[in-house]
Protein chains: 2
Amino acid sequence: MGSIAELIKIIGQKARLASETLRIASTDQKNNALINIASQIQQNKQFILDANDLDLKAARENSIDDALLDRLMLNDERLDSVVEGLHQISTLVDPIGQISDFKERPSGIKIGKMMVPLGVIGMIYESRPNVTVDAAGLCIKSGNAIILRGGSEAINSNIAFYSCIERGLEEARLDPNSVQLIKVTDREAVTELVSASDYVDAIIPRGGKGLIKNISMNARMPVIKHLDGVCHTYLDKDADPQKGVDIAFNGKTRRYGVCNATETLLVHKDFDSEALSKLIELFIKKEVEIRGCEKSQMLSNVIKKATEDDWSEEYLAPILSMKIVDSVDEAISHINTYGSAHTDAIVTENNVNSKKFLSEVDSSSVMVNASTGFADGFEYGFGAEIGISTGKFHVRGPVGLEGLTSQKYIVMGDGQIRP
Amino acid sequence: MGSIAELIKIIGQKARLASETLRIASTDQKNNALINIASQIQQNKQFILDANDLDLKAARENSIDDALLDRLMLNDERLDSVVEGLHQISTLVDPIGQISDFKERPSGIKIGKMMVPLGVIGMIYESRPNVTVDAAGLCIKSGNAIILRGGSEAINSNIAFYSCIERGLEEARLDPNSVQLIKVTDREAVTELVSASDYVDAIIPRGGKGLIKNISMNARMPVIKHLDGVCHTYLDKDADPQKGVDIAFNGKTRRYGVCNATETLLVHKDFDSEALSKLIELFIKKEVEIRGCEKSQMLSNVIKKATEDDWSEEYLAPILSMKIVDSVDEAISHINTYGSAHTDAIVTENNVNSKKFLSEVDSSSVMVNASTGFADGFEYGFGAEIGISTGKFHVRGPVGLEGLTSQKYIVMGDGQIRP
C-alpha cells in the first residue's frame with residue numbers, strides 16, 4: 001500500500017515543481033524541446049519498434065483482439081506521423097501569455113484576459129502508445145507538467161517513447177520532470193493519482209467507458225472526459241442529394257472504430273428517394289448492416305428492425321441504425337434524446353434549418369454539409385488532440401493547446417482607487 | 001432520509017426540463033424576465049423588507065455577529081441596487097449563440113465556436129439575500145436553470161425574493177422552474193444537491209472556507225470555488241510614490257470584510273521612503289494594525305512582529321501584514337507562495353517589472369497601478385457576479401455571464417468528406 005502512495009506523492013511533488021518553471025518558459029525553449037523529442041524519436045526508431053515488439057508479443061500471448069492489437073502497433077509510418085505531430089505543435093502559436101478582450105472600463109482601468117497553463121495534468125490512457133508523445137507535446141507547448149499513466153499492455157513502447165521525451169526536455173534545458181511516466185503497472189497507481197488533488201489540477205482519461213466512469217467517481221479533481229460518440233447524420237428534405245449520399249456514406253464507413261463515426265442516419269421523409277436508394281445500395285455493397293425504423297424497413301428487405309437500444313448504441317462496427325423523420329425538429333429531438341453530445345451533422349441547403357440545427361443540437365461539434373469524420377483536433381487545426389471532451393465544463397470537443405489553458409484577468413490602471 | 005432525497009430529485013428533474021427550453025429562449029424573452037423580476041421587486045419592497053425583518057429578528061435572538069447581520073440586512077438602498085443589477089444584466093449582450101474564432105481549414109470546412117449554456121447550476125450560499133437575485137439574473141440571461149440553496153438565516157428574505165422571480169418568469173412566459181429555491185433548511189438538502197450529478201452540471205458555493213471545502217469533497221460534479229482572498233499590493237522601487245500610497249491605502253481600507261481587500265503590503269527596499277512614512281501614518285490614523293517583517297518594524301515602533309502565519313492570513317479586518325523585499329522577483333515569489341491566487345497588484349512605472357509581474361504572478365486577477373478593490377464583476381463590466389473563482393478550471397476571477405457558458409464547435413462545409 002504505502003509504497004505506491006508514496007511514489008505518486010513524490011511524482012506529484014516533482015510535477016508541481018516542474019510546472020512552476022515550465023509555466024514561465026519561453027516559447028523557444030518549449031519549441032526546442034518538441035523538436036528535440038522529435039529528433040530523438042527519429043534517431044531511435046528501431047529501439048522504439050523493438051520495445052513495441054515486446055508489447056505486441058505479450059499481447060498476442062494474452063490473445064488480445066485484433067482491434068486492440070492494431071491500436072497498440074507501431075511501425076515506420078506511425079512513428080513518422082508522431083514526429084510530424086510534434087513538428088506541427090511546434091509551429092502553432094504559443095497560447096500562453098496571449099491577451100484577449102482588452103477593454104477600458106468607466107473607472108479608467110483596462111482589463112484583459114491572459115492565457116495561462118492549468119498546472120499539472122494527469123493523463124490516464126489505454127493501448128495506443130502514440131498518446132504518450134501527443135499528450136506530452138501538447139502539455140509542453142501549453143506550459144503544463146504532465147503525469148502519464150498508459151496501459152500496462154503498452155508499457156515497453158511507452159518507456160521507449162518516454163526516454164526520448166526525457167532527453168528532448170534535458171537538451172532544451174527544461175526540467176525533465178515536466179513530463180513523467182508512471183512505470184508501475186499496478187492499478188493502485190491510478191487510484192492514487194486521481195486522489196492526488198494537491199499536485200494534480202485536472203485528470204484526462206482516454207479509454208473505454210468503464211475506465212472513465214470509474215475515474216469520474218473517484219477523482220478528487222476535475223475530469224476532462226472523453227466518452228462515447230453516438231454521432232448522427234441527418235439528411236434534410238432540402239439536402240443536395242449527392243452531398244447527402246457522400247456525407248452519410250463517408251461518416252459511417254471512413255473508419256468504423258473511431259468515436260466520430262456516424263452511428264445513426266436520420267432521413268427526412270421527403271429526402272430525394274433515388275439518392276436514398278443509392279445510399280442504401282452503397283451500404284449493402286460495403287456490407288454495412290442497417291437496422292431501421294418501420295418506415296426504413298419498407299425501403300429494402302435487408303434492413304433489419306431497430307430496437308429501442310439501437311438508438312443509443314455506439315457500434316464502432318459496420319452497423320448503422322436508421323430512422324425516417326417528419327421534420328428537422330424531430331431529428332433534433334432524436335439527437336438530443338439518444339445522442340451522446342459528441343458530433344452531429346445536418347445535410348441541407350436550407351439556411352433556416354441549418355441555423356436551427358446549429359443552435360438547438362446540444363453537442364460538442366455540430367456540422368452543416370460536412371462529414372462527422374472531421375471532428376478531430378488535427379482537422380480543426382490544433383496540431384494534435386489530447387482527447388475529445390464530451391463534457392460541457394471547461395472545454396468541449398477536440399482538446400488542443402487552448403483546452404489545456406486557463407486564463408487570468410490582467411488589469412492596467414494609472415493609479416485608480418475604488419470609491 | 002427518503003423524503004429530502006426525493007424532493008431534490010424532483011427539483012433536479014424540473015430544472016433539467018426547464019433548462020431545455022431556457023437554453024433556446026430568445027434574448028427578448030430572457031430580458032423581459034429580468035425586467036419583470038426587477039419591477040416585481042420594486043412593487044413588493046415592503047413585503048421583502050418585512051420578510052427580511054423576520055430574519056434579522058431571528059438572527060439577533062441567536063446573537064449572530066455584526067458582520068453577518070450587516071450582510072443579512074436589506075434596506076431601500078440595497079433593494080434599489082438589486083433592481084439596478086437586473087436592469088444592467090438585461091442590457092448586456094446575450095452570450096448564447098455568439099460565434100467566435102470562425103476560420104477556414106485546408107479541407108475547406110469552416111469552424112467556429114458557439115457559446116451555449118452549461119445547463120443546470122446548483123448555487124449554495126450563505127447570509128446575503130441579494131445573491132438570490134444576482135445569481136438568478138445571471139443564470140436566466142446565460143440560459144441556465146438554477147437551483148438556489150441559501151442560508152437558513154436568510155430563508156424568509158430569500159422566499160420573498162423568490163416569489164418575485166417566479167412571477168417575473170411567468171410573465172415572460174418562461175418556465176418558472178428555470179429558477180428554483182430549496183425552501184427546506186435541512187443540511188441534508190445540500191448533501192443531496194451536490195450528489196445529484198444527473199440533474200446538476202456545476203455547483204457554485206459561496207460562503208466560508210468550511211462550506212466550500214466540505215462541498216468540494218462531496219460534490220459529484222465540478223465545483224466553481226469562491227475561496228479566500230489573501231491579496232497583495234506590491235510597491236516597486238519604480239513606483240510613482242503618490243500612486244503607491246493611494247493604491248495601498250485604498251486596497252486595504254476601502255472595505256475590510258471583502259475578499260478583494262489587500263491583506264499584505266510588499267514594499268521594495270528602495271521605494272520612496274517619505275511616501276512610505278506617509279502611508280504608515282495614514283494606516284495608524286485609520287487604526288489599522290500593522291504586522292511587519294524585521295525591516296518593516298524599523299520604520300515605526302507601532303509595527304508589531306509578523307509571524308509566519310500572518311503571511312497566509314485573510315484578516316477581513318483592520319489588520320495588515322507588511323514585508324520589505326529586495327526585488328520584484330522576491331515579491332512575486334512571496335505572492336505565489338503565500339497568496340491565495342485571488343488578486344494581486346503592483347505599483348510601478350517600470351514596464352519590464354509590470355510585464356514580469358503580470359506574467360509570473362499566478363492569480364485570478366493581476367493588476368498594475370490599480371487598487372485590488374477593483375476585482376469585482378461589476379467593475380469588470382459583467383453587470384453582476386455569481387462569485388469570484390479562485391480555481392483555474394473552466395473559469396477564473398469574477399464570474400459573470402460568460403463564465404456560465406460552455407461552447408460547442410460549429411462546422412460548415414459544402415459536402416466535404418474526410419479521406
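The values are calculated or read from the model by the stated rules, or taken from the named source; none is laboratory data. Just so we're clear, the structure is a prediction, and the values are computed from it rather than from any experiment. Positions of Cβ are backbone-derived with ideal geometry, glycine not excepted, and every protein chain shown enters the neighbour counts. Just so you know, the surface numbers come from the protein's heavy atoms only, side chains and all, with ligands and any DNA or RNA stripped out. Shrake-Rupley method; radii C 1.70, N 1.55, O 1.52, S 1.80 Å.
May I ask you to verify whether A:Met114 is closer than 30 Å to B:Thr372 by Cα, open to solvent by 10 Å² or more (accessible area, probe 1.4 Å) and assigned to a loop (DSSP other than H, G, I, E, B)? For A:Met114, the condition - closer than 30 Å to B:Thr372 by Cα, open to solvent by 10 Å² or more (accessible area, probe 1.4 Å) and assigned to a loop (DSSP other than H, G, I, E, B) - is not met. Answer with yes or no whether B:Ile111 is within 13 Å of chain A (Cβ to nearest Cβ) and under 25 Å from the mean Cα position of the chain (by Cα). So B:Ile111 does not fit the description; no.
Considering only residues in region B:276-303 that are under 22 Å from B:Arg255 (Cα atoms), in contact with a strand residue (DSSP E or B) (Cβ under 6 Å, 6 or more places away or on another chain) and among the charged types (D, E, K, R), the one that is surrounded by the most Cβ atoms within 10 Å (Cβ to Cβ) turns out to be B:Arg291. Is it the case that region A:94-109 has a residue that's of a type in the set (Asp, Glu) and either in a helix (DSSP H, G or I) or within 19 Å of A:Ser127 (Cα to Cα) (or both)? No, region A:94-109 contains no residue that is of a type in the set (Asp, Glu) and either in a helix (DSSP H, G or I) or within 19 Å of A:Ser127 (Cα to Cα) (or both). Taking (1) of a type outside the set (A, V, I, L, M); (2) within 25 Å of the chain's Cα centre (by Cα); (3) surrounded by fewer than 17 Cβ atoms within 10 Å (Cβ to Cβ) in turn, B:Gly12 satisfies each apart from (3).
If you check A:Val120 against the conditions, is it open to solvent by less than 10 Å² (accessible area, probe 1.4 Å), more than 30 Å from B:Gly391 (Cα to Cα) and among the β-branched types (Val, Ile, Thr)?
Numbers: open to solvent by less than 10 Å² (accessible area, probe 1.4 Å): yes; more than 30 Å from B:Gly391 (Cα to Cα): no; among the β-branched types (Val, Ile, Thr): yes.
For A:Val120, the condition - open to solvent by less than 10 Å² (accessible area, probe 1.4 Å), more than 30 Å from B:Gly391 (Cα to Cα) and among the β-branched types (Val, Ile, Thr) - is not met.
Counting only helices (runs of 4 or more DSSP H) that sit wholly inside region A:226-320, those with at least 1 residues that are within 14 Å of chain B (Cβ to nearest Cβ) and touching a helix residue (DSSP H, G or I) at 6+ places or on another chain (Cβ under 7 Å) are A:241-253, A:273-285.
Of all residues in region B:193-219, how many are within 18 Å of B:Ile10 (Cα to Cα) and not β-branched (Val, Ile, Thr)?
Here the count works out to 8.
Could you check, for region A:324-341, whether at least one of its residues is facing chain B (nearest Cβ under 10 Å), assigned to a loop (DSSP other than H, G, I, E, B) and either free of Cβ contacts under 8 Å to residues at least 24 places away in the same chain or open to solvent by 10 Å² or more (accessible area, probe 1.4 Å) (or both)? Taking every residue of region A:324-341 in turn, at least one turns out to be facing chain B (nearest Cβ under 10 Å), assigned to a loop (DSSP other than H, G, I, E, B) and either free of Cβ contacts under 8 Å to residues at least 24 places away in the same chain or open to solvent by 10 Å² or more (accessible area, probe 1.4 Å) (or both). Only residues that are closer than 17 Å to B:Val82 by Cα and part of a loop (DSSP other than H, G, I, E, B) were counted in region B:133-156, giving 1.
All of (1) more than 8 Å from chain A (Cβ to nearest Cβ); (2) acidic (Asp, Glu); (3) not in a loop (DSSP other than H, G, I, E, B) hold for B:Glu385 with one exception: (3). Only a single criterion out of (1) open to solvent by 10 Å² or more (accessible area, probe 1.4 Å); (2) of a type in the set (Phe, Trp, Tyr); (3) at the interface with chain B (Cβ under 9 Å from one of its Cβ atoms) is not satisfied by A:Tyr380, namely (1).
Residues in region A:342-353 that are farther than 18 Å from A:His226 by Cα and not in a helix (DSSP H, G or I): A:Ala345, A:Ile346, A:Val347, A:Thr348, A:Glu349, A:Asn350.
State the number of residues belonging to region B:170-206 that are among the small types (Gly, Ala, Ser) and at positive phi. I'd like the intermediate steps shown before the answer.
Quick first cut of region B:170-206, residues among the small types (Gly, Ala, Ser) only: B:172, B:178, B:189, B:195-197, B:202.
Subsequent filtering for residues that are at positive phi retains none.
Total meeting the criteria: 0.
Taking the stated definitions as given, is A:Ser39 of a type in the set (Gly, Ala, Ser), in the same structural domain as A:Asp134 (by TED's automatic domain parsing), assigned to a helix (DSSP H, G or I) and in contact with a strand residue (DSSP E or B) (Cβ under 6 Å, 6 or more places away or on another chain)?
On the way: of a type in the set (Gly, Ala, Ser): yes; in the same structural domain as A:Asp134 (by TED's automatic domain parsing): yes; assigned to a helix (DSSP H, G or I): yes; in contact with a strand residue (DSSP E or B) (Cβ under 6 Å, 6 or more places away or on another chain): no.
Against the criterion (of a type in the set (Gly, Ala, Ser), in the same structural domain as A:Asp134 (by TED's automatic domain parsing), assigned to a helix (DSSP H, G or I) and in contact with a strand residue (DSSP E or B) (Cβ under 6 Å, 6 or more places away or on another chain)), A:Ser39 does not qualify.
The number of residues in region B:102-132 being in contact with a helix residue (DSSP H, G or I) (Cβ under 9 Å, 6 or more places away or on another chain) and acidic (Asp, Glu) comes to 1.
Of the residues making up region A:69-93, those that are touching a Ser or Thr at 6+ places or on another chain (Cβ under 7 Å), open to solvent by less than 40 Å² (accessible area, probe 1.4 Å) and modelled with pLDDT under 95 number 1.
Consider region A:257-275. How many of its residues are open to solvent by less than 50 Å² (accessible area, probe 1.4 Å) and either under 30 Å from A:Lys209 (Cα atoms) or hydrophobic (A, V, I, L, M, F, W, C) (or both)?
Filtering region A:257-275 down to residues open to solvent by less than 50 Å² (accessible area, probe 1.4 Å) leaves A:258-268, A:271, A:275.
Then drop every residue that is not either under 30 Å from A:Lys209 (Cα atoms) or hydrophobic (A, V, I, L, M, F, W, C) (or both), which leaves A:258-267, A:271, A:275.
So the count comes out to 12.
Anything in region B:309-322 that is open to solvent by 50 Å² or more (accessible area, probe 1.4 Å) and either in contact (Cβ under 8 Å) with a residue 24 or more places away in the chain or farther than 13 Å from B:Thr264 by Cβ (or both)? List them, or say none. Those that are open to solvent by 50 Å² or more (accessible area, probe 1.4 Å) and either in contact (Cβ under 8 Å) with a residue 24 or more places away in the chain or farther than 13 Å from B:Thr264 by Cβ (or both): B:Ser312, B:Glu313, B:Leu316, B:Pro318. The residues in region B:354-377 that are among the basic types (Lys, Arg) and either in a loop (DSSP other than H, G, I, E, B) or open to solvent by less than 10 Å² (accessible area, probe 1.4 Å) (or both) can be counted, and the count is 0. Residues in region A:396-419 that are open to solvent by 10 Å² or more (accessible area, probe 1.4 Å), of a type outside the set (Gly, Ala, Ser) and either part of a loop (DSSP other than H, G, I, E, B) or within 7 Å of chain B (Cβ to nearest Cβ) (or both): A:Leu401, A:Gln407, A:Tyr409, A:Met412, A:Asp414, A:Gln416, A:Ile417, A:Arg418, A:Pro419.
When you check B:Pro205 against the structure, is it in the same structural domain as B:Met115 (by TED's automatic domain parsing) and closer than 30 Å to A:Ser195 by Cβ, yes or no? Yes; evaluated as a whole, the condition is true for this residue.
Among the residues of region B:57-91, those that are part of a helix (DSSP H, G or I) and among the aliphatic types (A, V, I, L, M) comprise B:Ala58, B:Ala59, B:Ala67, B:Leu68, B:Leu69, B:Leu72, B:Leu79, B:Val82, B:Val83, B:Leu86, B:Ile89. When region B:211-225 is limited to residues that are open to solvent by less than 50 Å² (accessible area, probe 1.4 Å) and more than 10 Å from chain A (Cβ to nearest Cβ), the one that is modelled with the highest pLDDT turns out to be B:Ile215.
Working only within region A:18-72, note down all residues that are under 30 Å from B:Phe357 (Cβ atoms), of a type in the set (Ser, Thr, Tyr) and more than 26 Å from the chain's Cα centre (by Cα). Before the answer, list the steps.
Residues of region A:18-72 that are under 30 Å from B:Phe357 (Cβ atoms), as a first pass: A:18-34.
Subset that is of a type in the set (Ser, Thr, Tyr): A:19, A:21, A:26-27.
Once the filter is applied, which keeps residues that are under 30 Å from B:Phe357 (Cβ atoms), of a type in the set (Ser, Thr, Tyr) and more than 26 Å from the chain's Cα centre (by Cα), region A:18-72 yields A:Thr21, A:Ser26.
One residue is enough: does region A:143-156 have a residue meeting the conditions over 19 Å from the mean Cα position of the chain (by Cα) and either outside the structural domain of A:Ile203 (by TED's automatic domain parsing) or closer than 30 Å to B:Phe378 by Cα (or both)? Looking for residues that are over 19 Å from the mean Cα position of the chain (by Cα) and either outside the structural domain of A:Ile203 (by TED's automatic domain parsing) or closer than 30 Å to B:Phe378 by Cα (or both), one finds none in region A:143-156, hence no.
Of all residues in region B:15-55, count the ones that are over 30 Å from B:Thr191 (Cβ atoms), away from every other protein chain (no Cβ under 14 Å) and open to solvent by 10 Å² or more (accessible area, probe 1.4 Å).
Keep residues of region B:15-55 that are over 30 Å from B:Thr191 (Cβ atoms), which gives B:24-36, B:38-47, B:49-50, B:53.
Next, only the ones that are away from every other protein chain (no Cβ under 14 Å) stay: B:28-36, B:38-47, B:49-50, B:53.
The next check asks that each one be open to solvent by 10 Å² or more (accessible area, probe 1.4 Å); those that pass are B:28-29, B:31-32, B:35-36, B:39-40, B:42-47, B:49-50, B:53.
Total satisfying the criteria: 17.
Can you tell me which condition B:Ser127 does not meet? The list is (1) outside any helix (DSSP H, G or I); (2) at negative phi; (3) crowded, with 23+ Cβ neighbours inside 10 Å, and all the others hold. All conditions are met except number (2).
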